[in-house]
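Visitor: Once you've had a glance at the structure underneath, I'll fire off some questions.
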Amino acid sequence: MAAKRRKLNKEMEAEMVVAQRRVELMTAKIRDIRDEDIQNEFAQAFAQVHASLAHLIEAYRLKGFCEETEGTLALYNGLMARFEEEYEL
């Protein structure tokens, strides 16, 4: 039986590229923090954002554009907004 083709979405792909750049920028900013305790606190808080993006990229690669990837993108956006509100970099 032939495998079902995954549905792609150019807008979502563009949003994922922007999200990857934001995560890379935030990770670099966190690594630039000199105080190790503060750096660890920020890194732990940001880990959930990073994990949601990694899950989104993997799910999109495997399943394409679907309800799960749309929901994961919304989750990522919410987590990133909350992180930016709570932690000033």
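Visitor: Of all residues being out of contact with any Cys (no Cβ under 8 Å at 6 or more places or on another chain) and of a type in the set (K, R) in region 7-58, which is nearest to L75 (Cα to Cα)? Just the residue, please.
Guide: Residues of region 7-58 out of contact with any Cys (no Cβ under 8 Å at 6 or more places or on another chain): 8-58.
Checking which are of a type in the set (K, R) leaves us with 10, 21-22, 29, 31, 34.
Values: K10: 19, R21: 17, R22: 15, K29: 22, R31: 24, R34: 30 Å.
Ranking the qualifying residues of region 7-58, first place goes to R22.
Visitor: Here is a follow-up. Of the numbered conditions (1) under 17 Å from the mean Cα position of the chain (by Cα); (2) loosely packed, with under 15 Cβ neighbours inside 10 Å, E15 satisfies every one except a single condition; which is it?
Guide: Checking E15 against (1) under 17 Å from the mean Cα position of the chain (by Cα); (2) loosely packed, with under 15 Cβ neighbours inside 10 Å, the one that fails is (2).
Visitor: For a quick check of your reading of the model, give me the residue pairs whose first member lies in region 41-69 and is more than 20 Å from R6 (Cβ to Cβ) and in contact (Cβ under 8 Å) with a residue 40 or more places away in the chain, whose second is in a helix (DSSP H, G or I) and open to solvent by 40 Å² or more (accessible area, probe 1.4 Å), with beta-carbon atoms closer than 9 Å and at least 6 apart or on different chains.
Guide: These pairs meet every condition: F42/K29; A45/E86.
Visitor: Looking at the structure I just gave you, is A47 under 12 Å from the mean Cα position of the chain (by Cα), modelled with pLDDT of 95 or more and open to solvent by less than 90 Å² (accessible area, probe 1.4 Å)?
Guide: Yes.
Visitor: Now a separate question. Return the residues of region 18-43 that are open to solvent by less than 60 Å² (accessible area, probe 1.4 Å), part of a helix (DSSP H, G or I) and more than 21 Å from I57 (Cβ to Cβ); say none if nothing qualifies. Quick ask: steps written out before the conclusion?
Guide: The initial filter retains those residues of region 18-43 that are open to solvent by less than 60 Å² (accessible area, probe 1.4 Å), namely 19, 23, 26-28, 30, 33, 39, 42-43.
Okay, now just the ones that are also part of a helix (DSSP H, G or I), so 19, 23, 26-28, 30, 39, 42-43.
Within region 18-43, Q39, F42 meet the criteria.
The values are calculated or read from the model by the stated rules, or taken from the named source; none is laboratory data. Since the model is a prediction, treat every value here as computed from it, not as a measurement. Here the Cβ is made from the backbone with ideal geometry for all residues, glycine too, and neighbour counts use every protein chain on show. Note: accessible area is taken over every heavy atom of the protein model, side chains too, but ligands, DNA and RNA are not part of it. Shrake-Rupley method; radii C 1.70, N 1.55, O 1.52, S 1.80 Å.
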